[in-house]
Every structure is written in C-alpha cells, then in structure tokens.
Amino acid sequence: MHGVKRLFSWMIPRFDATRFNVSLVSLRKKDLSEETLDALGIDITYLERGKFDPMTLAAMLRIVDQKRIDILHLHGYGATTFGRMVGAMRGIPAILNEHANLTTTPWFQKVADKALEPFTDVALAVSQSTADFVINARLIPERKTQVVYLGVPLEEFSRDRSAEEVAAARAELGIAAGEFAIGTITRLHDSKGNNFLVEAAAKVVQERPKARFFLVGEGPLLPDLEAQARALNLGDRFVFAGFRRDVAATLSAFDLSAFPSLWEGTPITAFEALAMGKPIVATDADGLLDILTDGHDAVIVPRRDAGALARTLVWAIDSPAERERLSGNARVTGREYDILAFVRKMERLYEMLHDAAHAGQPRGLAGADLGFLSSGRTKR
C-alpha cells in the first residue's frame with residue numbers, strides 16, 4: 001500500500017479523538033490496498049463510483065449530511081471536484097490537497113477548477129513544484145496555496161533494528177550473504193523512472209556481480225519492465241518483489257535506496273528511507289530536491305541518465321565510509337518529517353476553518369497566519 005492511502009493509515013488514527021471525528025470516503029471500490037485501513041478500525045465508506053459518475057455528488061451529499069461533516073479535506077481530481085461542489089452546496093470549508101505536479105490539466109478540469117476556486121478555502125501542496133502546479137494549472141491563487149510536507153511514523157521507521165530482524169527481512173527477499181541489495185519501493189508508473197533503474201542495473205552487475213536490485217510495488221508498467229530486464233539478461237539480479245505489506249521490514253533489508261524518478265510530488269518512500277537512515281541515490285526530480293541535499297543525505301544524479309545512475313551506484317557499493325556518512329545524515333533529516341507533526345498541523349488548520357465558518361466569516365483564511373503549516377523544515 002503506497003502513497004496517499006498509506007498516509008491515511010498513519011494520519012487518521014493519530015488525530016486527537018476527543019476533539020476530532022475523522023471519516024474517510026473513497027470514490028472507488030475497495031481493493032487490496034485498503035485492507036490495512038479496515039484493520040485499523042478507520043471509518044471508511046466506498047462509493048464504488050466511476051471516474052465521471054454524476055451520482056458521486058448525491059452520494060457525497062448523503063454522507064456529509066448523515067455524518068454532520070464540518071470540514072472537507074479532499075485528495076485527487078474526483079474528490080476535489082465533487083467535494084468542492086458539496087462544500088459549496090452545504091457551506092462547508094474545503095481543503096484541496098494536491099500530491100501531483102503535472103504540467104497541466106485537461107480542459108474540462110480547468111473549467112471545473114476555475115468554477116470551484118471560490119469554494120476552495122485553502123490548497124495544500126506536498127512540494128514547491130506541486131504548489132506551482134496548483135497555482136498555474138489548477139488555478140488556485142497563490143494566497144490560498146501552502147506547501148506542507150508529509151511525514152512517516154518515526155517510531156516505525158527510525159527505530160533501531162536488531163541484526164536478527166534485518167537478517168530475517170533479507171532472507172524473506174532471498175538476499176544471500178555477501179550480496180549488496182539496492183532497492184526501491186514504488187508504483188510502477190512512468191513518473192518513477194524505473195526503466196532507467198533497470199538499464200542502470202545491467203551496467204552495475206557487469207562491474208559488481210554481487211549487486212542485486214529489488215523493485216517492490218505494483219503497477220501497469222510491470223510487464224514492460226519485466227521484458228526489459230529479460231532483454232538485458234539480468235536474471236535473478238533484478239527482482240520484481242511485488243506488493244509487500246510490511247514496508248519497513250522490506251526497506252530494512254536494503255543496503256541502499258534508489259529513486260530514479262522523472263518527476264515527483266514528494267514520495268512517501270523517500271521520507272521512509274530518510275527516517276531509516278538508508279544511503280540514498282536519487283535523481284534531480286523536483287519533489288526529491290525539496291527534501292534531499294546532494295552530498296549530505298543523498299547523492300543526486302540527473303534524470304533520464306542510466307549511465308550516471310549506474311556509475312554512482314558502483315561508487316556507493318565501493319564506498320562504505322561514504323554510505324555510513326550519508327546514512328547518519330539521512331537519519332537526522334528524517335526526524336524533520338514526522339507524521340504526528342503533520343497531523344497536529346492539520347488539527348490546527350481544521351480548527352481555524354471551523355471557527356471561521358461558525359463565525360460567519362467569508363470563505364478562506366484571508367489575513368490569517370498560516371506559517372505553522374511550513375514550520376519545522378530546515379532544508380539545507
């Protein structure tokens with residue numbers, strides 16, 4: 001379970017239950033990735049609606065009325081479109097939360113965004129480039145847009161792991177003694193640049209035969225990536241590990257984390273690798289540059305350059321002292337991105353919107369100090 005759904009599994013149980021009653025609504029049907037959310041006892045409703053199903057609006061209105069919702073926190077195009085319509089009809093404050101940083105949107109989304117902008121109280125973006133996308137493509141004014149970095153449960157990812165735990169995680173993935181494991185946990189999507197990692201892997205294993213690559217995750221590009229690995233005769237040097245429920249254990253098995261992304265918001269997995277103190281080799285994708293510092297807590301290479309990626313990975317394999325230094329600095333950086341701090345920011349924002357709405361103030365938080373949303377980040 002990756003991305004925003006994992007964020008929900010960490011975020012929702014951490015709200016102060018004496019002050020906040022948080023429900024989750026999915027516009028789609030239940031699938032494997034929501035299993036953890038159900039296990040946590042999170043209140044989830046699955047609307048099971050298609051992408052442009054007009055009945056989504058009526059279904060959301062019913063839920064808002066039944067649960068007496070005070071604040072709408074909206075993620076994704078469908079949710080932000082139908083959700084802001086619901087907010088407009090019921091007079092409820094609406095937060096648009098953007099996780100992508102695409103260059104543009106379809107014409108019909110621009111029409112919807114322009115019409116719904118007056119009913120957007122605040123827009124949250126997961127990186128600066130994502131904020132630029134919100135302003136320029138989703139047509140939300142800069143005065144309403146805030147960059148808010150996500151985080152991970154530090155108690156889960158930054159805790160010390162015993163040699164036995166790490167050995168068990170490596171055994172689960174079939175990593176033999178003496179092998180150097182390079183891994184990435186990701187969606188198999190164009191933006192993640194995994195084809196460049198496969199290409200780089202072929203170069204690396206020629207020079208360092210004990211290197212082994214692990215691509216953990218699912219997605220539409222799996223058949224293409226598998227075919228590419230076969231064509232390069234990578235054999236068992238490149239493992240497609242599929243869906244892994246225990247991400248922290250899987251990550252602990254890697255000697256190094258690789259992020260070959262072409263573009264990003266800010267990937268949850270990068271926060272996880274930082275918190276765990278993994279040596280990181282990453283591309284200069286915009287969202288990664290927001291949280292990683294070249295030569296300090298990561299080594300940054302150009303996007304779409306498998307040769308540069310391969311050379312840097314070989315260097316990292318041959319440089320244990322440098323890996324140790326990167327690891328220590330990554331742990332320090334990772335402490336800045338605690339999911340609990342993110343939740344406390346959301347609690348404060350929700351209260352401000354709630355109080356403004358009940359005081360009869362106009363939509364938005366014009367003139368309010370929202371500096372707390374970006375506090376706690378000390379990018380070098």
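The values are calculated or read from the model by the stated rules, or taken from the named source; none is laboratory data. Since the structure is predicted, the reported quantities are computational estimates derived from the model, not experimental observations. Cβ placement follows ideal geometry from the backbone for every residue including glycine, while neighbour counts extend to all protein chains displayed.
Which condition number in (1) outside the structural domain of GLY242 (by TED's automatic domain parsing); (2) among the β-branched types (Val, Ile, Thr); (3) modelled with pLDDT of 95 or more is the one that VAL126 fails?
Failed condition: (3).
Kindly indicate whether LEU96 is of a type outside the set (Phe, Trp, Tyr), within 21 Å of TYR149 (Cβ to Cβ), part of a strand (DSSP E or B) and in contact (Cβ under 8 Å) with a residue 40 or more places away in the chain.
So LEU96 passes the test.
Quick check on GLY242: is it at pLDDT below 95 and under 21 Å from ALA201 (Cβ atoms)?
yes
Which of the numbered conditions does ALA308 fail, given that it passes all the others? Conditions: (1) part of a helix (DSSP H, G or I); (2) touching a helix residue (DSSP H, G or I) at 6+ places or on another chain (Cβ under 7 Å).
For ALA308, the failing item is (2).
Please note which helices (runs of 4 or more DSSP H) are completely contained in the range 125-242 and include at least 2 residues that are of a type in the set (S, T, N, Q) and without any contact (Cβ under 8 Å) to a residue 60 or more places away in the chain.
Those helices (runs of 4 or more DSSP H) span 194-207.
In the list PRO279, PRO302, which residue meets the criterion of being crowded, with 24+ Cβ neighbours inside 10 Å, assigned by TED's automatic domain parsing to the domain that holds ILE185 and either under 17 Å from ALA211 (Cα atoms) or at pLDDT 95 or above (or both)?
Sole residue among the options that is crowded, with 24+ Cβ neighbours inside 10 Å, assigned by TED's automatic domain parsing to the domain that holds ILE185 and either under 17 Å from ALA211 (Cα atoms) or at pLDDT 95 or above (or both): PRO279.
Kindly indicate whether any position in the range 254-276 is over 17 Å from ASN194 (Cα atoms), of a type in the set (D, E, K, R), assigned by TED's automatic domain parsing to the domain that holds GLU179 and assigned to a strand (DSSP E or B).
Checked against the condition, which is being over 17 Å from ASN194 (Cα atoms), of a type in the set (D, E, K, R), assigned by TED's automatic domain parsing to the domain that holds GLU179 and assigned to a strand (DSSP E or B), the range 254-276 yields no hits at all.
Residues that are among the β-branched types (Val, Ile, Thr) and assigned to a strand (DSSP E or B): does the range 49-57 have at least one?
No, the range 49-57 has no match at all.
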